[in-house]
1. Restricting attention to helices (runs of 4 or more DSSP H) lying wholly within the stretch 340-407, give those where 1 or more residues are polar (S, T, N, Q) and modelled with pLDDT of 85 or more.
2. Could you please find all residues in the stretch 221-234 being open to solvent by less than 60 Å² (accessible area, probe 1.4 Å), farther than 14 Å from residue 82 by Cβ and either among the hydroxyl-bearing types (Ser, Thr, Tyr) or modelled with pLDDT under 95 (or both)?
3. Touching a helix residue (DSSP H, G or I) at 6+ places or on another chain (Cβ under 9 Å) and open to solvent by less than 70 Å² (accessible area, probe 1.4 Å), is that true of residue 327?
4. Going by what's in this entry, would residue 45 be described as touching an Asp or Glu at 6+ places or on another chain (Cβ under 6 Å) and under 30 Å from residue 321 (Cβ atoms)?
5. In the stretch 24-38, which residues are open to solvent by 60 Å² or more (accessible area, probe 1.4 Å) and aliphatic (A, V, I, L, M)?
6. Run down 195, 207, 189, 218 and say which single residue is open to solvent by less than 70 Å² (accessible area, probe 1.4 Å), modelled with pLDDT of 95 or more and within 22 Å of residue 67 (Cα to Cα).
7. Just give me the residues in the stretch 251-286 being polar (S, T, N, Q) and open to solvent by 50 Å² or more (accessible area, probe 1.4 Å), in sequence order.
8. Find the residue count for the stretch 126-146, including only residues that are under 18 Å from residue 96 (Cα atoms), in contact (Cβ under 8 Å) with a residue 12 or more places away in the chain and open to solvent by less than 70 Å² (accessible area, probe 1.4 Å).
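The values are calculated or read from the model by the stated rules, or taken from the named source; none is laboratory data. A quick note: this is a predicted structure, and the numbers were derived from the prediction, not measured. Cβ atoms come from the backbone with ideal geometry, glycine included; neighbour counts cover every protein chain shown. Just so you know, the surface numbers come from the protein's heavy atoms only, side chains and all, with ligands and any DNA or RNA stripped out. Shrake-Rupley method; radii C 1.70, N 1.55, O 1.52, S 1.80 Å.
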Amino acid sequence: MRLSYPFFIALRYSKSRKKNRGVSFNTVISIGGVALGVMALIIVLSVMSGFHEDLQRKILGVNTHIIVLNYEGKMINYRELADTIKAMPHVTAVSPFVLGQTMASRQKKAQGIYLRGVLPSLEQTTTDIGKYVKKGSVNALNDVENGIVVGKELASNLELSLNDDINIISPMGDIGPLGMLPKARKFKVVAIFEVGMFEYDANLAMVSMESAQKFFDVGDAASGIEVKIDDIYKASDVRAYINKSLGYPYYARDWMQMNRNLFSALRLEKFAMFVILTLIVLVAAFNIISTLIMNVMEKQREIAILKTMGATNSGIMWIFMIQGLFIGLAGTVIGLAGGSITCFLLDSYEIIKLPADVYYLSHLPVKVKLLDFMLVAASALTISFLSTIYPAYQAARLNPIEPLRYE
C-alpha cells in the first residue's frame, strides 16, 4: 500500500495539466530520446554480430574446427592416428592433409599460394569447401590426374578458367650440379571456389593428397589431420583432450586460436561501438533529469500538500524515481521494438546493398542476439534510474512551508 500512492501520483505527474492532452510534451521527448538510443544500440550491435557470424562462417568453410600437427613436420602413421582421433568424444569427422607453400604461374604472371593436398570425400566432411565451388567440382580431383581447385581471385589474377593449365613451382626441388633446382609441375583446373575472403580466394589451391605427396616428395605421409566436432564452441576443450591423449610429438590447434587476433579485434570493435552509442542513452538521461527537475519546480505546491498530509521524504523520492523509471521503461520498450523491426527488415529485404566486389557481401548482414537485447535493456534502465536520483532528492528535501506561505 505504501508504494501504491507514489506509483499513481508518478503516473499523474507524467501527464500534462491541460485536459485531453495525454502525456506531457517533455515526457514524450524524454521517452523518444531513450527509444532512439536503444534502437541505435540494437541495430549496430546486431550488424556487428552479423559481420562476426559471416566471417566465422567463411573461416570455418575453408578451415576445420581443429587441426592436429606434428613437431617433426610430417606424420607417417596418419591413418592410425586419424582412427584414434575419430573415436574421441565430440569428434564427428577427420581428414588428413598435406600442406606446403608454392608459387602458381601462367604465362608471364605468378603468385605465391598455399597448396593443400586433400582426400576430396573426407575433406567435404570436415569443411564446407564444396558449398563454395562456383564452377566444376571438388570430386573431380579423383578423376583428373594432376587436377587442381583454385580460388576465384587466383583464377582472376592468372586469367584462369576451367580446364586451363597452371604451373605449380616449389622452391624445394632436387639438388643438381648447380645447386637446388625448383620443382615444377603442370596441373589442370577442375574447379573454382569463392569463399568471400580475399585471403582464401587468392592464396589457396587444392589438389589430391596423392598429387601433393608426390609433388612435395614426402612419401606416404601427411602434414596434419583436420578434425570436425559437434560443437564449435567446445573446440578448446576437445583440443586440450587431444593434446593430453596423444602427447608429444603431436599438438592440436583450434579455430579460435588460429584466428584469435581477428576475432579479438571484432569483439573490441563491438565493445567500442556499444560504449560510444551508450552516450546517446546518456544524452537521453539528461532529458529525463531536466524533465524531472521542471516537474519538481512545477509541483512544489502539490509536494508541500503531500508532506503536510503525512508523506515521507522517501515517499516523495519514490514518486519522481518511478516517474523517471517509467520514462526509461517506455523508451526502452519502444526502442527494442523499433530495433527488432528494423533488423528484421534489413535482414529479410536486404534494404542496404553493399558492393560485392569490395566487401564480398551483397547486403548488410544482421544477426539478432538475445544477449544483446538484454544488455541494452539493462543498460538503458540502469542509466534512466540513476538519472532520477538527483531530482527526486531535491523534491524530497523541499520545505513545505515555502510553497504554502502565501496560500
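1. Here the list reads 370-386, 389-396.
2. 231, 232
3. Working: touching a helix residue (DSSP H, G or I) at 6+ places or on another chain (Cβ under 9 Å): yes; open to solvent by less than 70 Å² (accessible area, probe 1.4 Å): yes.
Yes, satisfied.
4. So residue 45 passes the test.
5. Once the filter is applied, which keeps residues that are open to solvent by 60 Å² or more (accessible area, probe 1.4 Å) and aliphatic (A, V, I, L, M), the stretch 24-38 yields 28, 29, 36.
6. 207
7. Looking only at the stretch 251-286, we keep the residues that are polar (S, T, N, Q), and these are 257, 259, 261, 264, 278.
If the condition is that a residue be polar (S, T, N, Q) and open to solvent by 50 Å² or more (accessible area, probe 1.4 Å), then 257, 261 are the ones that fit.
8. Of the residues in the stretch 126-146, 6 are under 18 Å from residue 96 (Cα atoms), in contact (Cβ under 8 Å) with a residue 12 or more places away in the chain and open to solvent by less than 70 Å² (accessible area, probe 1.4 Å).
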